[in-house]
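Inspection log for the structure reproduced underneath, given as structure tokens.
The values are calculated or read from the model by the stated rules, or taken from the named source; none is laboratory data. Treat the numbers as computed from the prediction; the structure is a model and nothing was measured. Heads up, the Cβs are rebuilt from the backbone with ideal geometry, glycines too, and the neighbour counts pull from every protein chain shown. Calculation scope for accessible area: heavy atoms of the full protein, side chains included, ligands and nucleic acids excluded. Shrake-Rupley method; radii C 1.70, N 1.55, O 1.52, S 1.80 Å.
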Number of protein chains: 2
Amino acid sequence: MAHGPTSNNPFDQQKSIPGVKTILAISSGKGGVGKSTVSTNLALALGKKLKVGLLDADVYGPSIPRMMGSLNQKPGINEQQRLQPIERYGIKMMSMGFVIDEGAAVVWRGPMLFKAMDQFLRDVDWGDLDVLVVDLPPGTGDIQLTLAQKTPLTAAICVTTPQNISLIDVKKALDMWKRLNIPIFGVVENMSYMLNPANGERMQLFPKGELDAFLDQQQLTKMIEIPFHPQVGMACEAGIPVVQMKPESAESLAFMKLADQVATKLGF
Amino acid sequence: MAHGPTSNNPFDQQKSIPGVKTILAISSGKGGVGKSTVSTNLALALGKKLKVGLLDADVYGPSIPRMMGSLNQKPGINEQQRLQPIERYGIKMMSMGFVIDEGAAVVWRGPMLFKAMDQFLRDVDWGDLDVLVVDLPPGTGDIQLTLAQKTPLTAAICVTTPQNISLIDVKKALDMWKRLNIPIFGVVENMSYMLNPANGERMQLFPKGELDAFLDQQQLTKMIEIPFHPQVGMACEAGIPVVQMKPESAESLAFMKLADQVATKLGF
């Protein structure tokens with residue numbers, strides 16, 4: 001009985017989630033690069049063709065409920081005692097934000113986090129999904145390890161911004177996925193540049209660093225550059241992601257292009 | 001012997017750091033709001049009048065070595081087996097970035113983090129400091145708890161950006177400091193607005209949310225609004241913080257104004 005629940009190898013706890021065909025982790029080395037913005041817009045873009053779930057695993061700072069216009073929703077519990085996801089724009093969602101009050105601090109130590117994540121992975125009635133998009137907290141910590149140990153992750157994407165300060169952290173995130181033997185689809189460069197509304201000139205809000213050279217050297221792909229536009233953040237604030245609010249905008253088209261690549265790589 | 005080292009109250013482990021007069025925590029609910037940029041520039045601005053140390057407690061994503069132009073420096077160990085801080089622009093610094101390679105993932109669980117933090121708090125030879133500025137990781141987790149439990153924190157500052165998505169997280173950070181009984185000096189609003197280089201118009205990169213109303217209601221102070229300017233990020237990338245590189249810029253003057261308030265509140 002080497003592989004029972006008492007095994008010491010944490011990866012032996014890995015179990016598929018019934019009904020869920022593929023699981024895609026959206027990670028970032030650093031916070032504030034727009035990981036949740038990418039997760040929601042990618043989920044919506046994928047949702048135009050596939051059955052999509054969105055798990056907000058950023059238990060410290062769950063942004064998905066607000067960005068998806070679903071604040072103050074409470075998930076029901078079905079007859080099998082499983083949590084019912086909240087549905088919005090055709091996407092099934094689960095988030096710590098649905099379970100605790102938005103204003104309260106989650107001053108939690110590791111073991112309590114595992115337990116919450118475990119419940120989100122086991123006890124949510126996702127139904128049939130082509131892909132479950134998981135919005136991870138930034139960094140390379142407990143939640144990422146737990147996810148990789150407990151579920152058969154299909155692949156990971158890293159979100160970053162152009163400058164070298166972010167590159168340091170994306171390197172760490174990529175290094176983590178490699179060590180955990182999770183395939184990396186590629187890197188999304190967010191807030192890549194801004195077209196100045198006054199004169200149309202391309203502005204570098206954050207200076208370009210050595211990301212491209214690093215990706216070449218590692219034989220990794222930059223999947224897309226998403227331009228900065230104040231309307232992306234405003235759409236998030238309004239609870240209507242830009243892919244939904246302005247589907248013809250340059251930013252939305254970039255997210256659609258990303259979704260096409262992701263769907264192909266996932267085998268759809 | 002209720003208060004010996006075997007006490008169950010973790011706050012009984014609290015010990016002052018010899019030679020260090022005050023300790024200021026720079027926190028944020030969310031990453032990517034410019035917390036490390038504020039920490040370095042505030043440390044430099046304070047350093048014009050006071051003896052200042054800068055502890056990079058962002059063990060997952062240490063940015064201070066790069067921002068302070070001190071990559072690849074290795075701290076020495078003195079005769080008392082204590083770590084010697086790295087000094088730059090008159091500021092004494094310690095960071096996980098000096099101890100591990102910039103590229104390696106710190107895939108660490110809680111207990112290992114405590115140990116690293118503990119060493120940084122106990123075994124660094126800071127000498128005499130008026131203020132030790134501590135750049136915390138984003139969020140409300142292990143490192144924040146450890147710091148509040150092990151050291152007599154003088155006060156905390158929260159850094160945020162204008163939009164409501166960040167406000168949710170700053171509320172949590174403020175809530176945490178309140179629960180831990182740490183005085184809050186106030187909130188720094190970073191990337192508050194940008195003056196368009198093409199026509200000087202004020203642009204809202206991130207939409208204004210309800211931060212001001214919330215602070216009023218909580219009787220908390222917004223200490224300063226720091227404007228966005230690409231040169232702030234470029235200065236960080238170059239390892240010469242903007243307060244050092246362009247001391248007369250609007251951003252630097254904002255940091256100086258913040259430092260004046262902090263110094264007064266700390267009693268200098």
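For the range B:102-148, how many residues meet the condition of being among the small types (Gly, Ala, Ser), modelled with pLDDT under 85, surrounded by fewer than 21 Cβ atoms within 10 Å (Cβ to Cβ) and part of a loop (DSSP other than H, G, I, E, B)? Number of matching residues: 2.
Residue by residue, here is whether (1) at pLDDT below 95; (2) under 19 Å from the mean Cα position of the chain (by Cα); (3) among the hydroxyl-bearing types (Ser, Thr, Tyr) holds:
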| position | (1), (2), (3) |
| --- | --- |
| A:Thr221 | no, yes, yes |
| A:Gly233 | yes, yes, no |
| A:Pro241 | no, yes, no |
| A:Met245 | no, no, no |
| A:Asp260 | no, yes, no |
| A:Ala263 | no, yes, no |
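If you go through the range A:149-163 and keep only what is open to solvent by 20 Å² or more (accessible area, probe 1.4 Å), within 12 Å of chain B (Cβ to nearest Cβ) and at pLDDT 90 or above, you end up with just A:Gln163. Of all residues in the range A:30-61, those satisfying the criterion of being at pLDDT below 95 and more than 11 Å from the chain's Cα centre (by Cα) are A:Lys30, A:Gly31, A:Gly32, A:Val33, A:Val59, A:Tyr60, A:Gly61.
Among residues of the range B:181-207 being more than 10 Å from chain A (Cβ to nearest Cβ) and either more than 22 Å from the chain's Cα centre (by Cα) or exposed (fewer than 15 other Cβ atoms within 10 Å of the Cβ) (or both), the one that is modelled with the highest pLDDT is B:Pro183. Only residues that are touching a Gly at 6+ places or on another chain (Cβ under 9 Å), within 14 Å of chain A (Cβ to nearest Cβ) and open to solvent by less than 10 Å² (accessible area, probe 1.4 Å) were counted across the range B:37-47, and they come to 0.
Here A:Thr221 meets the list (1) crowded, with 18+ Cβ neighbours inside 10 Å; (2) in contact with a strand residue (DSSP E or B) (Cβ under 8 Å, 6 or more places away or on another chain); (3) not aliphatic (A, V, I, L, M) almost entirely, failing just condition (1). The test for being in a helix (DSSP H, G or I) and open to solvent by 10 Å² or more (accessible area, probe 1.4 Å) holds for B:Lys178.
Listed by first and then second residue, the pairs linking a residue in the range A:27-46 that is closer than 22 Å to A:Ala148 by Cβ to a residue that is open to solvent by less than 10 Å² (accessible area, probe 1.4 Å) and among the aromatic types (Phe, Trp, Tyr), with Cβ atoms under 9 Å apart and 6 or more places separating them unless they lie on different chains, are A:Ser27/A:Trp177; A:Val38/A:Phe255; A:Leu42/A:Phe255. A count restricted to the range B:228-257 and to residues that are touching a strand residue (DSSP E or B) at 6+ places or on another chain (Cβ under 6 Å) and within 22 Å of A:Lys208 (Cα to Cα) stands at 1.
Of all residues in the range B:208-218 being buried (at least 16 other Cβ atoms within 10 Å of the Cβ) and either in contact with a Cys (Cβ under 9 Å, 6 or more places away or on another chain) or touching a residue at least 40 places away in the same chain (Cβ under 8 Å) (or both), which is nearest to A:Gly239 (Cα to Cα)? Top of the filtered list is B:Gly209.
Within the range A:177-211, how many residues are hydrophobic (A, V, I, L, M, F, W, C) and under 17 Å from B:Gln204 (Cα atoms)? The total comes to 7.
Kindly indicate whether B:Ala173 is in contact (Cβ under 8 Å) with a residue 60 or more places away in the chain, open to solvent by less than 20 Å² (accessible area, probe 1.4 Å) and within 11 Å of chain A (Cβ to nearest Cβ).
Yes: the conditions hold for B:Ala173.
For the range B:18-35, filtering for residues that are over 16 Å from B:Met176 (Cβ atoms) and open to solvent by 10 Å² or more (accessible area, probe 1.4 Å) leaves 7.
Within the range A:56-67, can one find any residue that is part of a loop (DSSP other than H, G, I, E, B) and away from every other protein chain (no Cβ under 14 Å)? So far as the range A:56-67 goes, no, none of its residues is part of a loop (DSSP other than H, G, I, E, B) and away from every other protein chain (no Cβ under 14 Å). Scan the range B:48-77 for residues that are closer than 21 Å to B:Glu251 by Cβ, buried (at least 24 other Cβ atoms within 10 Å of the Cβ) and in contact with a Lys or Arg (Cβ under 8 Å, 6 or more places away or on another chain) and jot them down. Matches in the range B:48-77: B:Val52, B:Leu54, B:Met68.
So which residues in the range B:69-83 are in contact with a strand residue (DSSP E or B) (Cβ under 7 Å, 6 or more places away or on another chain) and either part of a loop (DSSP other than H, G, I, E, B) or within 23 Å of B:Asp130 (Cβ to Cβ) (or both), if there are any at all? Scanning the range B:69-83 gives B:Gly69, B:Ser70, B:Gln73, B:Pro75, B:Arg82, B:Leu83.
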